[in-house]
Amino acid sequence: MPTTFEQPDTLARSLQGLQTAQEGGELLGETLTLNMGPSHPSTHGVLRIVLELDGELITKAWPDIGYLHRGDEKIAENMQYNQFVPYTDRLDYLAPLANNVAYA
C-alpha cells in the first residue's frame, strides 16, 4: 500500500480533465479509500478490508488480518486481577473461555 499521496490543487485537476476531454480520452474520477468491517460477530476486530473505490466499482481490496485494538490493556491497568476477567469473556464471541484461560 502506498505511503505517500499526491494531491494536486483543484485548478490543476480541472485543467488536466479539460485537456483529457479535448483529446477525446476517457475521463477518470478520483478513487476513494474506504475501511470496511468488521461486520460479522465472528470477525469483530480481527478482519478489516481496505477498499479502493472508483465510483461504485471496487478497484482494489487489501485484507488486514489481525486488526484488533480496543485498548483492553489500558483498561486493565486500573483494575485488580479478578476484575478484568469479564473483559476477557468479551474479546471473542465464539470462544470466550479460551481468552479466560490465556489470561489466567
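The values are calculated or read from the model by the stated rules, or taken from the named source; none is laboratory data. All values derive from a computational prediction rather than experimental measurement. Ligands, DNA and RNA are stripped out before the accessible areas are found, and what is left, the full protein with its side chains, is counted by its heavy atoms. Shrake-Rupley method; radii C 1.70, N 1.55, O 1.52, S 1.80 Å.
Some notes on this structure:
- Exposure ranking of GLU23, GLU73 by accessible area [1.4 Å probe, largest first]: GLU23, GLU73
- Probe 1.4 Å, all protein chains present, accessible-area order of LYS74, LYS60, largest first: LYS74, LYS60
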